[in-house]
Amino acid sequence: TTPPASTSVKRACDNCHRRKVKCLGEGTKPCKNCVTAGLTCTYNAIPQKKGPKGSRARVLSELRETQQRQSQAGGSSQGTEVPFDIRTTRLSGLLTSNLINLCVDYFFNNLYPSHPFLQRQRIQEIITSMDHSIEAYCMVTALCAWMMIQPDMVIPPNVALHGEAGSMNAQNLGPVLLEEVVLVRKGYNYVENPTLLSVLTSFFCFGCFFCLDKHNSAWFHLMEATTLAQLLGIHDEETYKSGSSLENSRKRRLFWILFVTERAYALQKHRPLSLYPAIALPSLDVDPIDRKSLSGFLHLVNLYKPFDHRFIGLWNKVRTDCLPTWLISLQTQLRELLPEYLDVTEVQVVDLRTSQQWLRTMVWQLSISHGFISSVAADNAMNFKYPIEISRDLLAMSTQFSQQAMEVHGIGLVEKFFDIACTLVDVMAVVPFQQPTFELGPRDYLNRFLSLISSLRGGQQRYLPLLLSKVHDVLPNMQLPAYRGVTSPSNLTSNARMEELYEDPASGPSSHSPTP
């Protein structure tokens, strides 16, 4: 409602009065501040005596959330057909065309090989529809948030930001964009009438929360993405009997990305599974230009396929039907899944080779948890020394990895190195090993892991202290080199400190692609 035309004294609208900002209204239509902030401009409040001032950003957030709750309670948001004008939603300067283009380019230059479900032409169509499509707005904003959180993302000088975003760097802008997506999505019902954009938005939100170490929120949004995908039927082969071959190929890729991500997350965080490998893999012949990236992605899918409901059930200790012959067969399968030469991108080679050795380590850990490991086992996969072999194989391959190809994977790659190195340390503590003078052995492998982790973005700050602490606890007599900026192992406490470092979100956000 607006004040009557006869009002002689200019008065601030309710929202500007709450925010303690100059009202830019004319009394007969919504003020410019409310339009920019996406608020309903009203003049209903009774003037009160002045009180203590609060944070303008906090007040703005409270106002928007209150109005959205009132809108939802009134039943004004039905499905995705809710009227939308980008000017009433976007915070001033939050998204610019240059910033969007920067994020899209970053995605295709760095993350596309492991997430080959977007198409440049289709993305441009979605961007052009942002002004009137709330689904498009949320998807593009979520994608930009995810890209901004990536460890090596830098906003160049030619990408101008305005308003509240003007003074932010990439890593600070990412969470702000994420908050915008979560807030805007509260204003419409994307669950009852989901679209592919809904699935993508939820997946990008998962990526953001995962990078920020907010794993409850990450898990929620990953499950939301898989549930929306199932509501759309992309897990069902019948869905693909209609539609264009190119569009169906992208849907298949999206399903298999969700499939791989869910399995990787289930292993890392002991979560259950919801997706089954019920549809065919995307064909290399549908989009020949994309053949190399898709080929690498299909290798990744095949690496994770064996980690089915049976394995995850055993991993999560909700099943007990574990057999040593089955584990030996699984190890053999993992060793043979990748060819000696991979005709894929360098970034994918790093991902595939590291994931293969990490998964071999996970199977060995399941084997030892069931008491199947022995120093005299007939099969090498059931021997205590098997993690030494895994470390040797991975580190031999890592000499061919460029720094840039590793950095693209962020903390995700560091976590895998860390897991394998910790398993190696545990083995070194219980297995006597006589190392020949002129040959590399476990100590050399451990030092190489320490060097790798310390050289990667985010590794030195978090995972290097963790690994040094573990070595100090388990191998107290082992001499280690000093690492710049890292507390001496002798000054680190044992497992309690390790858990603190591992769980404490205050140790800083860790950014990476969620897909292994």
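VAL159 sits with roughly 10 Å² accessible to a 1.4 Å probe, with DNA, RNA and ligands left out of the calculation. Kirkwood analysis of segment 387-446, using all unique Cα-Cα pairs, places the hydrodynamic radius at 12.6 Å.
Available extension along the chain between LYS32 and SER244 is 71.9 nm, counting 0.36 nm per residue and deducting the alpha carbon span. Segment 332-349 and segment 192-262 have Cα centres spaced 26 Å apart. From the Cα gyration tensor of segment 275-431, with a ≥ b ≥ c the square roots of its eigenvalues, which class applies: rounded if a/c is under 1.5, or else prolate if a/b is larger than b/c, or else oblate? Because a/c hits 1.5 or more and a/b fails to exceed b/c, segment 275-431 counts as oblate.
Extension gain for the segment ASP444 to GLN403, taken as residue separation times 0.36 nm less the Cα-Cα distance, is 12.7 nm to one decimal. Taking each residue as 0.36 nm, the span from GLU336 to ARG291 lengthens on full extension beyond its C-alpha to C-alpha distance by 14.0 nm. Quick one: grab the alpha carbon gyration tensor of segment 363-484, order the square roots of its eigenvalues as a ≥ b ≥ c, and give me rounded if a/c is under 1.5, else prolate or oblate depending on whether a/b is larger than b/c. Judged from the Cα gyration tensor, segment 363-484 comes out prolate (a/c at least 1.5, a/b above b/c). LYS269 exposes around 50 Å² of accessible area when a 1.4 Å probe is run over every protein chain in place. Considering segment 132-256 at the alpha-carbon level, its Rg and Dmax are found to be 15.9, 50 Å. With the alpha-carbon atoms of segment 273-362 aligned to their principal axes, the span from lowest to highest coordinate is 46, 27, 18 Å, starting with the largest.
Using a probe of 1.4 Å on the protein chains alone, the accessible area found for TYR106 is around 30 Å².
For segment 247-369, lysine pairs separated by 8 or more sequence positions, or belonging to different chains, with Cα-Cα distances below 22 Å total 6. Modelled label positions at SER369 and ARG122, each set 7 Å beyond Cα in the direction of Cβ, lie 3.7 nm from each other.
The values are calculated or read from the model by the stated rules, or taken from the named source; none is laboratory data. A quick note: this is a predicted structure, and the numbers were derived from the prediction, not measured. Because the Cβ atoms are built from the backbone with ideal geometry, glycine has one as well, and the counts that use them run over all protein chains shown. Side chains included, ligands, DNA and RNA excluded: accessible areas come from the protein's heavy atoms. Shrake-Rupley method; radii C 1.70, N 1.55, O 1.52, S 1.80 Å.
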